[in-house]
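The values are calculated or read from the model by the stated rules, or taken from the named source; none is laboratory data. What you see is a predicted model; the values in this text were computed from it and never measured. Glycine also receives a Cβ, built like all others from the backbone with ideal geometry; neighbour counts cover every protein chain displayed. These area figures cover heavy atoms from the full protein model, side chains too; ligands, DNA and RNA do not enter into them. Shrake-Rupley method; radii C 1.70, N 1.55, O 1.52, S 1.80 Å.
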Amino acid sequence: MTTPPQILSSRVRGVRLYEMPCIVDPERGHLTVGEAPGALPFVPRRYFITFGIPSGQKRGQHAHKCCMQFLICTHGQCRLRVDDGVQQEDICLDRPTLGVLVPPLVWATEDRHSADAALLVLASQPYEPGDYIRDYAEFLTMTRRTRTCV
Ligand code: T46
């Protein structure tokens, strides 16, 4: 059995940084692991990987209505910018042991990819184009409405 991840909060609502357990083996190489349910924040129903991102390109630039995502840069590095409509934070994804939970209604953008960056994304839902909020003004309206309701 592996140790549980260390979980840190972000100032952006619902965003959590997971330092996943790593079995260090100087002889054979290392292994990092996360089980669901348990260590991971949800049971993944889908994964995708972005890679080969040319310098200067941005990915993401949207929020989700329902889907949760867990991002791990398994190789190379990139910057993740998260924004809940009030608070923003930049997170450097630079090691395969760091996973970041991005919940619904958080605007996320990835940029500053190294040439060798490979970003693995675990998603809680199947692909559904209607789950995307791609317009930032609409996103702000939705986050304000949610804050009013709470
Ligand atoms: C995110 C960042 C990191 C699919 O067919 N299935 C899928 O599961 C996904 C995610 C995408 N696609 C198709 C839809 C588009 O024709 O792949 C194409 C590129 O997708 P998109 O423009 O959404 O790619 P990114 O890099 O801007 O965003 C994606 C995810 O959509 C997003 O949730 O967090 O990667």
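Any chance you could give the angle, 0 to 90 degrees and rounded to 10, that helix 136-149 forms with the longest Cα principal axis of the chain?
The helix 136-149 is inclined about 80 degrees to the chain.
Sticking with the crude label model, points 7 Å out along Cα→Cβ, report the distance from TYR47 to SER9 in nm, one decimal please.
Rounded to a tenth, the inter-label distance reads 3.0 nm.
Calculate what fraction, in whole %, of the accessible area of segment 1-147 sits on carbon and sulfur atoms when a 1.4 Å probe is rolled over the protein chains.
On segment 1-147, the fraction of accessible area on carbon and sulfur atoms equals 53 percent.
Quick check for me: using +1 on Lys/Arg Cβ and -1 on Asp/Glu Cβ, what's the dipole size of the chain about its Cα centre, in debye to the nearest 20?
Here the size comes out at about 440 debye.
Compute the projected area of the convex hull of the Cα atoms of the chain, averaged over all viewing directions, and report it in nm² to one decimal place.
That works out to 9.8 nm².
Please work out the average accessible area per residue across the chain, using the 1.4 Å probe convention, and give it in Å².
Accessible surface, normalised per residue, equals 59 Å².
On a C-alpha basis, how far is the centre of segment 1-28 from the centre of segment 67-81 in Å? Whole number, if you could?
For segment 1-28 versus segment 67-81, the Cα centre distance is 13 Å.
How do VAL43, VAL100 stack up against each other in accessible area, from largest to smallest, with a 1.4 angstrom probe?
VAL43, VAL100
For segment 45-66 and segment 111-150, what is the separation of their C-alpha centers, rounded to whole Å?
Comparing the Cα centres of segment 45-66 and segment 111-150, I get a distance of 9 Å.
Rank these residues by their accessible area, most exposed first, probe 1.4 Å: THR146, THR3.
THR3, THR146
Picking from PRO44, PRO26, PRO129, which is most flexible by a Gaussian network model of the chain using Cα springs under 10 Å?
Comparing PRO44, PRO26, PRO129 in the GNM, the peak value goes to PRO26.
Multiplying the sequence separation of VAL33 and ALA115 by 0.36 nm and subtracting their Cα-Cα distance, what value in nm do you get?
Taking 0.36 nm per residue and subtracting the Cα distance, the gain is 27.0 nm.
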